[in-house]
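Input: a single structure, listed below in structure tokens.
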Amino acid sequence: MARRILIYPDASRLFAAAARLVERAARDAIGRRGRFRLALTGGSTPRDLYARLAVEPCRSRIDWSRVEFFWGDDRCVPPDHPESNFRLADELLLSRLAPADSSVHRIQTELGAQRAAEAYAAELSRIFADDTPRFDLILLGMGPDGHTASLFPDTPYLAGEGRSVIATLAPRPPRDRVSLSLQAINAARRVAFLVQGAGKAEALARVLADRPRADERALPAALVRPAGGRLYWLVDRAAASRLATGIS
């Protein structure tokens, strides 16, 4: 696994760098395989990134007709609900790009967690023709508790039991979630964390500490290690405030 930690002075530069990373990953995937399979993240952090990708100059730098959209996780609410990760991406990115319906692979959260997880796993198996999908790029956020996607600390859902998609429970509403498993995340060609704000500084320092930890299950983000891929941490100065000097 190749890991890079990139620290930016403010959110604007962080999201500009994130957009460039998406552009590079898209060009590489399209050039090699003819398609770019991108898994989007939710929460508040990626809003500026999605808005930036949908307008010039970023918009014309990617051949969006060759992009397939997926989600790393979502809450089990209707797709038009304010808490829906799909709705966030749809409003800021998809509605402006107007991709073909066949290129948008949302989690059918209205089915309930277990049925939605099974349906999404079947969809991924059909598309990737493999038990473990290999995304070109997975975008992830990280919570102040060290969770990522809908993989929460010290829960029985972390192992995933060999599945690519799992139904999980969040510690706060809406509790029912669907998430890519660690197995699926760690199979990606590229994984990029976007981390912003002082409230995440302590968790980030623990996740990135270069020493063995007995509490890794308490920090799901620390378990993201794409064995055959690249791992990027794009963080702002506030989130990086507790990182050890020289960390890499």
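The values are calculated or read from the model by the stated rules, or taken from the named source; none is laboratory data. Note that this is a predicted model, so its numbers are computed, not measured. Positions of Cβ are generated from backbone atoms using ideal geometry, with glycine treated the same way; all protein chains shown enter the neighbour counts. Side chains are part of the model used for accessible areas, which takes the heavy atoms of the whole protein and leaves out ligands, DNA and RNA. Shrake-Rupley method; radii C 1.70, N 1.55, O 1.52, S 1.80 Å.
Numbers for the structure displayed
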quantity	calculated
Residue match in segment 207-214 (condition: surrounded by 14 or more Cβ atoms within 10 Å (Cβ to Cβ), out of contact with any strand residue (DSSP E or B) (no Cβ under 9 Å at 6 or more places or on another chain) and modelled with pLDDT under 95)	yes
Residue match in segment 128-144 (condition: surrounded by fewer than 23 Cβ atoms within 10 Å (Cβ to Cβ) and in a helix (DSSP H, G or I))	yes
Exclusive hit being crowded, with 16+ Cβ neighbours inside 10 Å, modelled with pLDDT of 90 or more and of a type outside the set (Val, Ile, Thr), set LEU158, LEU169, LEU234	LEU234
Segment 177-206, subset part of a helix (DSSP H, G or I) and among the basic types (Lys, Arg), residue modelled with the lowest pLDDT	ARG206
Lone unmet requirement of (1) modelled with pLDDT of 95 or more; (2) among the hydrophobic types (A, V, I, L, M, F, W, C); (3) in contact with an Asp or Glu (Cβ under 9 Å, 6 or more places away or on another chain); (4) within 24 Å of ARG20 (Cβ to Cβ) for ILE247	(1)
Selection count, segment 26-63, where residues are polar (S, T, N, Q) and in contact (Cβ under 8 Å) with a residue 60 or more places away in the chain	2
Tally, over segment 68-83, of residues that are touching a Pro at 6+ places or on another chain (Cβ under 7 Å) and either hydroxyl-bearing (Ser, Thr, Tyr) or open to solvent by less than 10 Å² (accessible area, probe 1.4 Å) (or both)	1
Residue selected from segment 105-119 under the condition in contact with a Phe, Trp or Tyr (Cβ under 9 Å, 6 or more places away or on another chain) and farther than 18 Å from LEU140 by Cα, by the criterion least open to solvent (accessible area, probe 1.4 Å)	THR109
